[in-house]
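Report on the structure given below.
The values are calculated or read from the model by the stated rules, or taken from the named source; none is laboratory data. Values in this document were obtained by computation on a predicted structure and should not be read as measured data. As a convention, Cβ positions derive from the backbone with ideal geometry for all residues, glycine included, and neighbour counts pool all protein chains shown. Keep in mind that these areas ignore ligands, DNA and RNA; they rest on the heavy atoms of the full protein, side chains included. Shrake-Rupley method; radii C 1.70, N 1.55, O 1.52, S 1.80 Å.
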Amino acid sequence: MARPILLIHGGAGSRSVQGEKYFAYRESLQRILAKAYPLLHRGGSALKAVARAVELLEDDPLYNAGRGSKIQKDGQIRMSASIMDGDRRAFAGCVNVEGVKNPIRLAEKLLKEEDRVLAGEGARQFAKKLGLPFASPFTPRARADFTAKKSGKTGTVGAVAIDSRGRLAAATSTGGRGFEFPGRVSDSPTVAGNFANAHCALSATGVGEEIVDFALAATLCAQVAGGKSLTKASRGIQKEAEKAHASFGWIAIDFRGQVVADTTTETLIWASAATIEKNRHSFFLESKNT
Ligand code: GLY
């Protein structure tokens, strides 16, 4: 029996997270782990745990996913999410969907369908058909960023987990880059930004185009499946990405329960829970270079 572990992230950025902001992230990540980790602890699947963790991250406007998503050049918000069950080697996702409260729940539902990746209006119609909740993701902060024509690389969310049966899963959700051209597809609903197999699960954050250039998640998980240690594979990609001046970070876990949280950026906001003793989670939050 494996020890269940859940890792979550709230994005990578070019500035260190300090003061009030640090405490806001810490409170949020801690609250989310406290709600999602018990699923694993009670014997639930890694797939259910990552979906729940990402749903909670989407509901917190602190992050650029779900409720806190950024606005695109034409004034609309379009969200993307994906989930992968490493045990079944099955990927599903939604691309640039509008108005769905939790895109990760749509991705999770699509896992059971024949057409497992849906985009735009088709994805929205399918969510309607399933009866999933709809909500406006516009926040005052997103409106202010839009007015300032701000584009960035922070705030994508994700989770990876191993459950007590050793099954791995990954989930990722994003509101995009902000002020991007409508129709842009980020890495998050692709196997570059989110991937899991029987050996490894990875969720990425950062500049989508660069994550795709590295085919990050699929490449790293394939290296681990090929026998490389997760740490070695991860550090190798980090070195290469730094050399290419690429800006992205990732969390990953392997079948042995080894975890990494690596980034080429100044900060990666992440936390993990691994055990519950007397209802207390072992908790760790790291903002790189702080
Ligand atoms: N990684 C999220 C994006 O580039 O949109």
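In summary, helices (runs of 4 or more DSSP H) completely within region 102-147 and bearing 3 or more residues that are of a type in the set (A, V, I, L, M) and within 19 Å of the chain's Cα centre (by Cα) occur at 103-110. Screening region 254-290 for residues that are among the polar types (S, T, N, Q) and not in a strand (DSSP E or B) and picking the one that is modelled with the lowest pLDDT gives Thr290. Taking Val157, is it within 21 Å of Gly208 (Cβ to Cβ), free of Cβ contacts under 8 Å to residues at least 60 places away in the same chain and within 16 Å of the ligand (Cβ to nearest atom)? No: the conditions fail for Val157.
Each residue in region 192-212 was checked for being within 14 Å of the ligand (Cβ to nearest atom), small (Gly, Ala, Ser) and touching a residue at least 60 places away in the same chain (Cβ under 8 Å), and 3 pass.
Does Gly206 meet the test of being under 12 Å from the mean Cα position of the chain (by Cα), over 22 Å from Arg3 (Cβ atoms) and open to solvent by less than 10 Å² (accessible area, probe 1.4 Å)? Spelling it out, it is not the case that Gly206 is under 12 Å from the mean Cα position of the chain (by Cα), over 22 Å from Arg3 (Cβ atoms) and open to solvent by less than 10 Å² (accessible area, probe 1.4 Å).
Considering only region 102-120, state which residues are under 22 Å from Gly208 (Cα atoms) and either in contact with a strand residue (DSSP E or B) (Cβ under 6 Å, 6 or more places away or on another chain) or within 16 Å of the ligand (Cβ to nearest atom) (or both).
First, pick out the residues of region 102-120 that are under 22 Å from Gly208 (Cα atoms): 102-108, 116-120.
Matches in region 102-120: Pro103, Ile104, Leu106, Ala107, Glu108, Arg116, Val117, Leu118, Ala119, Gly120.
Go through region 160-185 and give me each residue that's outside any strand (DSSP E or B), within 13 Å of the ligand (Cβ to nearest atom) and crowded, with 24+ Cβ neighbours inside 10 Å. Of everything in region 160-185, those that are outside any strand (DSSP E or B), within 13 Å of the ligand (Cβ to nearest atom) and crowded, with 24+ Cβ neighbours inside 10 Å turn out to be Gly175, Gly176. Go through the residues of region 186-199 one by one and say whether even a single one is more than 27 Å from Phe138 (Cβ to Cβ) and not in a loop (DSSP other than H, G, I, E, B). Yes, region 186-199 contains a residue that is more than 27 Å from Phe138 (Cβ to Cβ) and not in a loop (DSSP other than H, G, I, E, B).
Give the residues of region 17-31 that are touching a residue at least 40 places away in the same chain (Cβ under 8 Å), in a helix (DSSP H, G or I), open to solvent by less than 90 Å² (accessible area, probe 1.4 Å) and not aromatic (Phe, Trp, Tyr), sorted by residue number. Answer for region 17-31, where residues must be touching a residue at least 40 places away in the same chain (Cβ under 8 Å), in a helix (DSSP H, G or I), open to solvent by less than 90 Å² (accessible area, probe 1.4 Å) and not aromatic (Phe, Trp, Tyr): Leu29, Gln30. Taken as a whole, region 41-48 holds at least one residue that is outside any loop (DSSP other than H, G, I, E, B) and modelled with pLDDT under 95. Going residue by residue through region 213-222, is there one that turns out to be within 16 Å of the ligand (Cβ to nearest atom), open to solvent by less than 10 Å² (accessible area, probe 1.4 Å) and in a strand (DSSP E or B)? So far as region 213-222 goes, no, none of its residues is within 16 Å of the ligand (Cβ to nearest atom), open to solvent by less than 10 Å² (accessible area, probe 1.4 Å) and in a strand (DSSP E or B). One residue alone among Ala81, Ala65, Ala34, Ala46 is farther than 30 Å from Lys149 by Cα and surrounded by 24 or more Cβ atoms within 10 Å (Cβ to Cβ), and that residue is Ala46.
Pairing each residue of region 88-103 that is more than 19 Å from Pro133 (Cα to Cα) and touching a residue at least 40 places away in the same chain (Cβ under 8 Å) with any residue that is open to solvent by less than 30 Å² (accessible area, probe 1.4 Å) and part of a loop (DSSP other than H, G, I, E, B), provided the two are 6+ apart or on different chains, yields C-beta distances under 8 Å for Arg89/Asn197.
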